[in-house]
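Got a structure for you, questions after.
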Amino acid sequence: RSKWCTTAPGTVVTAEESQHHREVPAEQGGGTRIHYEARIHYEYAVGRVHIGSTVVRLGPTETSSELRVQATLARYQPGQSVRVAYNPRDPTESVLEPGLHPVDFTRAAVGALLLIVACSMELIARWFAARM
């Protein structure tokens, strides 16, 4: 059973785009790259406790795609009512979008593929050595 199964009504207070400048290593061309993040501030109450948070979902939220951030901002307008999923053991832990997301599966699949390739490099090298 997920720890995010309990929900409460909440309200979006602010929704804005945040930009972060990240240094690119010299071996990757150097310079800086802009990363974007949707900063959604929402408030909710559990019992008599009024709580505020900015966690939209678990996992990384920065992206190089400004369009993806704009899509998130379009879903959460200031003043909008939302359902906030929170941890009943610690109601200050909350998210607007609980569960797994397609990006999580993509990252896991790419990671697994790279792990398989790394583990099989010796076999591939032996195969090529035998052909020469």
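The values are calculated or read from the model by the stated rules, or taken from the named source; none is laboratory data. Source: prediction; values computed, not measured. Heads up, the Cβs are rebuilt from the backbone with ideal geometry, glycines too, and the neighbour counts pull from every protein chain shown. Keep in mind that these areas ignore ligands, DNA and RNA; they rest on the heavy atoms of the full protein, side chains included. Shrake-Rupley method; radii C 1.70, N 1.55, O 1.52, S 1.80 Å.
Compute the signed sum of charges (Lys and Arg +1, Asp and Glu -1) over the other residues within less than 14 Å, Cβ to Cβ, of Pro9.
With Lys, Arg at +1 and Asp, Glu at -1, the net is 0.
Where nothing but the Cβ of Lys and Arg (+1) and of Asp and Glu (-1) is charged, how large is the charge dipole of the chain around its Cα centre, in debye to the nearest 20?
Dipole magnitude for the chain comes out near 460 debye.
Let me ask something additional. About its Cα centre, what dipole magnitude does the stretch 1-57 give when the only charges are +1 on Lys and Arg Cβ and -1 on Asp and Glu Cβ, stated in debye to the nearest 20?
400
Moving to a separate point now. Which whole-number value in Å² is the accessible area per residue of the stretch 1-60, probe 1.4 Å?
65
Given an 8 Å cut-off on Cα distances and at least 6 residues of separation, report the relative contact order of the chain as a percent.
Computed over the chain, the figure is 28 percent.
At 7 Å along the Cα-to-beta-carbon direction for both Asn87 and Gln19, put a label point, then send me their distance in nm to one decimal.
Inter-label distance under the simple model: 3.5 nm.
Relative to the first principal axis of the alpha-carbon coordinates of the chain, what is the inclination of helix 66-75, with its axis defined by its Cα atoms, in degrees from 0 to 90 and to the nearest 10?
In the chain, helix 66-75 runs at an angle near 30 degrees to the longest axis.
Can you pull the accessible area of Ile116 for me, 1.4 Å probe, Å² to the nearest 10?
Counting only protein heavy atoms, Ile116 exposes about 110 Å² to solvent.
So for the stretch 1-46, what percent of the C-alpha to C-alpha distances run longer than 13 Å?
71
Additional query: Give the angle, between 0 and 90 degrees and rounded to the nearest 10, that separates the Cα long axis of helix 102-131 from the longest principal axis of the Cα atoms of the chain.
Taking the Cα atoms of the chain, the angle to 102-131 is about 10 degrees.
Here's something else I'd like to know. If you count, for each residue, the other Cβ atoms within 10 Å and average over each peptide, how do 11-17, 40-46, 65-71 line up from highest to lowest?
Descending mean neighbour count gives 40-46, 11-17, 65-71.
To continue, here is another question. Whole-Å semi-axes of the chain's equivalent ellipsoid, largest first, each the root of 5 times a Cα gyration tensor eigenvalue?
Its equivalent ellipsoid spans semi-axes of 40, 21, 11 Å.
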